[in-house]
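Written below as structure tokens is the structure these notes are about.
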Amino acid sequence: RRGPRSRGVFGGGTVDPSGQDVIDFINIQSLGNATDFGNLSAARDRPSGLGNSTRGIFVAGRGPASPYYLNTIEYISISSQGNTEDFGDLLYSAWETRGGNNDTRGIVSGGYSPHANKNSINYITIATLGNATDFGDMTYFVQGHASTASPTRLVWFGGLGDPAGSSTTDLTTKNNTITFVEIATTGNAEDFGTIETVMNSATAVSNGVRGFVTG
């Protein structure tokens, strides 16, 4: 998560065979090992991360016990250290959601919930607390899509799901779609273009002008 220019924070994930609740941070301008920041409220695999220079947000994921797929949203103050606090809830439960943010608003979309992909897009106002609000829908049902954002636009790349159909249960088709939304508005995602190869579980980054997707 992007915080003050000197600090990067990351948390959760899988260390085989179980999810983790650990949050670590690094000082970006130096070299060295990560340092303990605190803990999530519970272990979770593949949460989505959002954040501005003040707050880091962890969204959804999969927990170790039934009902497994989570809709919880938690936050930290990036300049301090400590455990997460409750922010609110996503409107649906899933892991492998993907999203991004500007300094004001955070957005997540898609993901996998038992036996089906999602096409929902939800948003939060980062500086407040409360449940997510409906933003619109993706152009297809997808999980594991990469994402990155500029101050104005959020862009998603690829993922698992058939962009030519309406199937919620196609969990194997890798695709090369690029879709986007304007962060300050609400509405459905729109087509941006395509990438040169099909991919899922990729990583995307940007500097506000140019975006990169890899892996």
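The values are calculated or read from the model by the stated rules, or taken from the named source; none is laboratory data. The structure presented is a predicted model; accordingly, all values stated were derived computationally and were not measured. Note: ideal-geometry Cβ built from the backbone for every residue, glycine included; neighbour counts use all protein chains shown. Side chains are part of the model used for accessible areas, which takes the heavy atoms of the whole protein and leaves out ligands, DNA and RNA. Shrake-Rupley method; radii C 1.70, N 1.55, O 1.52, S 1.80 Å.
Magnitude of the charge dipole for region 1-108, about its Cα centre and with charges confined to Cβ atoms of Lys, Arg (+1) and Asp, Glu (-1), is about 400 debye. Using only the Cα atoms of region 5-48, each taken as one equal point scatterer with no solvent, compute I(q) by the Debye sum, divide by I(0), and report log10 of the ratio at q = 0.24, 0.32 Å⁻¹. Ignoring solvent entirely, the Cα scatterers give -0.81, -1.06. Surface exposure of region 47-205, expressed per residue as accessible area with a 1.4 Å probe, stands at 42 Å². Note that region 197-210 has calculated 3J(HN,Hα) couplings of 9, 6, 6, 9, 6, 7, 10, 10, 9, 7, 10, x, 10, 10 Hz, one per residue in order, obtained from phi through the Karplus relation 6.51 cos²θ - 1.76 cosθ + 1.60 (θ = phi - 60°); glycine and proline are x. Could you tell me which of 40, 52, 69 has its Cα farthest along the dipole of the chain towards the positive end, charges placed at Cβ (Lys, Arg +1; Asp, Glu -1), taken about the Cα centre? With unit charges placed on the Cβ atoms, the residue in question is 52. Dipole check for region 75-123: with +1 at the C-beta of Lys and Arg, -1 at the C-beta of Asp and Glu, and the Cα centre as origin, the magnitude is about 220 Debye. When only alpha carbons are used to place a centre, region 151-178 and region 39-56 end up 23 Å from one another. In the chain, excluding the sites themselves, the longest stretch lacking any of the trypsin sites (Lys or Arg not before Pro) that are in a DSSP loop with at most 15 other Cβ atoms within 10 Å is 6-209. Each residue of region 90-97 is assigned a 3J(HN,Hα), and the resulting list reads 5, 6, 8, 9, 5, 10, 6, 6 Hz, derived from the Karplus form 6.51 cos²θ - 1.76 cosθ + 1.60 (θ = phi - 60°), x at Gly and Pro. Towards the positive end of the charge dipole of the chain, with charges on Cβ (+1 Lys, Arg; -1 Asp, Glu), say which of 179, 8, 20 has the farthest Cα. The one lying farthest along the dipole's positive direction is 8. Take the Cα of residue 15, step 7 Å toward its Cβ, do the same at residue 29, and the gap between the two points is 3.0 nm. Measuring nothing but protein heavy atoms, the accessible surface of region 92-196 at 1.4 Å probe radius is 47 percent carbon and sulfur.
Highest mean first, the peptides 46-54, 78-86 sorted by other C-beta atoms within 10 Å per residue fall in the order 46-54, 78-86. In this Cβ point-charge picture (+1 for Lys and Arg, -1 for Asp and Glu), the chain has a dipole of about 480 debye about its Cα centre. Under 5 Å from the amide H of residue 7 lie the amide H atoms of 28, each residue being 5 or more positions distant or on a separate chain, with H modelled from the backbone and absent for Pro and chain starts.
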